[in-house]
Amino acid sequence: MDHTGNPPSNPFDALPKHQAPSAYHPAFQRHHPTLTPSDLQAEEEAIEGAIEVDGESPSPYANHDNDPEKAITEQSHTAHEPIARIVTAQDWSGPNDPDDPHNWTLLKRSMHIFPIAFLSFAVTAGSSMITPATPEIARHFDVSRTASILSLSLFVLGLGLGPTIAAPLSEKFGRSAVYKTSGPLFMLFILGAGLTKSFGGLLVCRLLAGMSGGPVLAVGAGTNADLFPAETRAVSSTFYVMAPFLGPALGPVIGGFAAQFKGYKWTQWCTIFIALASYAFILPMHETYKKIILTRRAKKLGVLPPPASQVRGLQYIKMLLTITVARPLMMLFSEPIVGFLSLYTAFTFSVLFAFFAAFPYTFERVYGFNTWQYGLTFLGIGLGVFIATATAVAIDRTVYMRKHRQLLKEGGRMVAPEHRLYAAMRPREFSADDVSRLFWFAWSARSDVHWISPILAGIPFAWGNLCIFVSAATYLIDVYGPMNGASAMAANGLARYTMGAVFPLFTFQMYAALGIGWATSLLGFVSLAMLPIPFVFFRYGPSIRAKSRFSVTKG
């Protein structure tokens, strides 16, 4: 506090001059919201390196007499003249720095979120758009129906592998470069999948297409953090997350018409058309990643660039692999919060992908639907995604933010992470209702029951699916902080995409052996067993966090 009782404009002014602002310090994280979790380690090491050289803390907004490029220099010739600020390349020149994406207009920021959401939709729609064509693929290449499903499974597996590529690329070249490079690669591999003459070629191209499209799903969250401060980020995050969940739901709708009237290759051409339309919005995008913006500023002004990580070469690659692979695997099996929430979200995600095999099996055999007709059955899931988005935003605005404002009035700083779980719990009866809809689908998919009944059952399933994921993602970040939270989300993604790739491969056999009723009921029983997970963490989360070696919130 200053002599007026107000908090200092720069939170690091409250630190002793000899104390470095750690990347894990709350004040550092508030003034560096643009840093993605995978970048905080490099930032921490850069600060430590600067301390070793200069012998003092490189405070972001402090004046340095020996090197004016490292900070703001304030000049005023008269008492009535405003203070002039020399632009720095070491950090933002202040809270109103026009290059800071947080200071862009809402329209400009929205025009940087919409393109990546649209591209994410194109990528995930491409995963499921091929599913209505799997019977034709099986006949065309003379393979089994299960083998034809590999065109879906390998694509989903590629989506899980893509983030390991995105991390080093976005760190080195920025967000915009990743989008503008991965988009054309994705379309080229989809083109290859449509032109190939062999089944092996189709599978390889689909795998590589998934890996090329995966980076946009991983880097998009970082762009959202670049553009919106933490207190307003939940709404933009929810709308962004809606796009990759909406893609798999609407993909079969488009693919059903394409496969029915044009053949399986047109499922790939339609994917390219959507990707091209989204890529047109990607091209005008500016860079949003703080490190790259400041580096370009330094080059333009001929001043020192921002501190860079001292880690290079193999050591740097080792650090990235630790963050994206080794630590996520460790947290997946050693952290109960990460393990159980990842299991829960992975299972609900996998049931969604199992429906890509279960819906055609059900609606073709029971109701005699053709390809485009059963593609339309996924509209119920799409509607559920929209309802989930509205639910998550409403809960954030009316419940979470109300608690946040109340805590600030009482002098607190951060709402307990468990309050992020409201969307997953909603009222308990609605959470249980989501599970009951699986049983509804299971036992209403009969010839003596109208076909609209099992379609409507998909609405609450998708509603619960997305609400669970939004709650889990925000909870994990709040519990583990930006750095470890990135590893927690990587563990979640690894579980989701691995299980999502595997489930469709045994769905046909499971439905053929158990029948529609008991096969879907089996999924319902497993979902029922997982239903208490968010409620358990809401009640016992603080004590579990207190014992965690990775949590940044111990109480």
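Please work out the FRET efficiency for the pair V536 and L304, using the Cβ-Cβ distance as r and a Förster radius of 51 Å; give the result to the nearest 0.05.
On the way: r = 51 Å, r/R0 = 1.00.
Between V536 and L304 the formula returns 0.50.
Counting only protein heavy atoms, what percent of the accessible surface of the range 344-454 is carbon or sulfur at a 1.4 Å probe? Heavy-atom surface of the range 344-454 belonging to carbon and sulfur, 1.4 Å probe: 60 percent.
Can you list which of the trypsin sites (Lys or Arg not before Pro) found in the range 240-298 are DSSP loop residues with at most 14 other C-beta atoms within 10 Å? Kindly include the intermediate steps, with their values, before the conclusion.
Values: sites: K262, K265, K290, K291, R296, R297; in loops: K262.
Passing sites in the range 240-298 are K262.
Along its principal axes, the range 507-555 has C-alpha extents of 49, 19, 10 angstrom, given from the largest down.
Place +1 on the Cβ of every Lys and Arg and -1 on the Cβ of every Asp and Glu in the range 141-273, take the dipole about the Cα centre, and give the residue among S144, L188, F173 whose Cα lies farthest towards its positive end. Most positive-ward Cα: S144. Multiplying the residue separation of M330 and K409 by 0.36 nm and subtracting their alpha-carbon distance yields 24.6 nm. Here the range 143-193 exposes an accessible surface that is 80 percent carbon and sulfur, computed with a 1.4 Å probe and the other protein chains kept in place.
Taking R0 as 51 Å, what FRET efficiency do you get between K547 and W269 from their Cβ-Cβ distance, rounded to the nearest 0.05?
Numbers: r = 53 Å, r/R0 = 1.05.
My answer for the efficiency is 0.45.
Which value results for Rg/Rh of the range 476-526 when Rg is the Cα radius of gyration and Rh the Kirkwood radius based on the inverse mean 1/r? Walk me through the intermediate numbers first.
Details: Rg = 16.2 Å, Rh = 13.0 Å.
Reported Rg/Rh (Cα atoms, Kirkwood Rh): 1.24.
Summed over the residues of the range 419-513 and divided among them, the accessible surface reaches 34 Å² per residue at a probe radius of 1.4 Å. Taking 0.36 nm per residue of sequence separation and removing the Cα-Cα distance, the L106/L379 pair yields an extension gain of 95.1 nm.
By the gyration tensor of its Cα atoms, with a ≥ b ≥ c the square roots of the eigenvalues, what is the shape of the range 122-181: rounded for a/c under 1.5, prolate for a/b over b/c, or oblate? Cα axes put the range 122-181 in the prolate bin.
All C-alpha pair distances within the range 186-282, sorted into 10 Å bins from zero, spread as 14, 39, 31, 13, 4, 0 percent across the bins.
Could you compute how fast the range 180-230 diffuses translationally, taking Rh as the Kirkwood radius over C-alpha pairs and applying Stokes-Einstein at 25 °C with viscosity 0.890 mPa s? Give it in µm² per second. Translational diffusion coefficient: 205 µm²/s.
Can you pick out the pairs among K291/K318; K172/K290; K172/K299; K172/K300; K409/K547 whose Cα atoms lie more than 23 Å from each other? Walk me through the intermediate numbers first.
Working: K291/K318 21 Å; K172/K290 12 Å; K172/K299 16 Å; K172/K300 18 Å; K409/K547 30 Å.
Long pairs (Cα-Cα over 23 Å): K409/K547.
The separation of the range 407-422 from the range 489-552, counted between C-alpha centres, amounts to 27 Å. With a simple spin-label model that places each label point 7 Å from the Cα along the Cα-to-Cβ direction, the separation between V235 and T498 comes to 3.8 nm.
Working from label points 7 Å from Cα in the Cα-to-Cβ sense, the L522 to L169 distance is 3.8 nm. Of the solvent-accessible surface of the range 247-295, computed with a 1.4 Å probe over protein heavy atoms with every protein chain present, carbon and sulfur atoms account for 76 percent. In this structure the range 163-320 gives 41 Å² per residue of accessible area when probed at 1.4 Å with all protein chains present. Between H140 and F114, the contour length at 0.36 nm per residue exceeds the Cα-Cα span by 5.6 nm.
The values are calculated or read from the model by the stated rules, or taken from the named source; none is laboratory data. This is a predicted model, so every value here is computed, not measured. When we count neighbours, we look across all protein chains shown, and the Cβ atoms used for this are built from the backbone with ideal geometry, even at glycine. Ligands, DNA and RNA are excluded from the accessible area calculation, which covers all protein heavy atoms including side chains. Shrake-Rupley method; radii C 1.70, N 1.55, O 1.52, S 1.80 Å.
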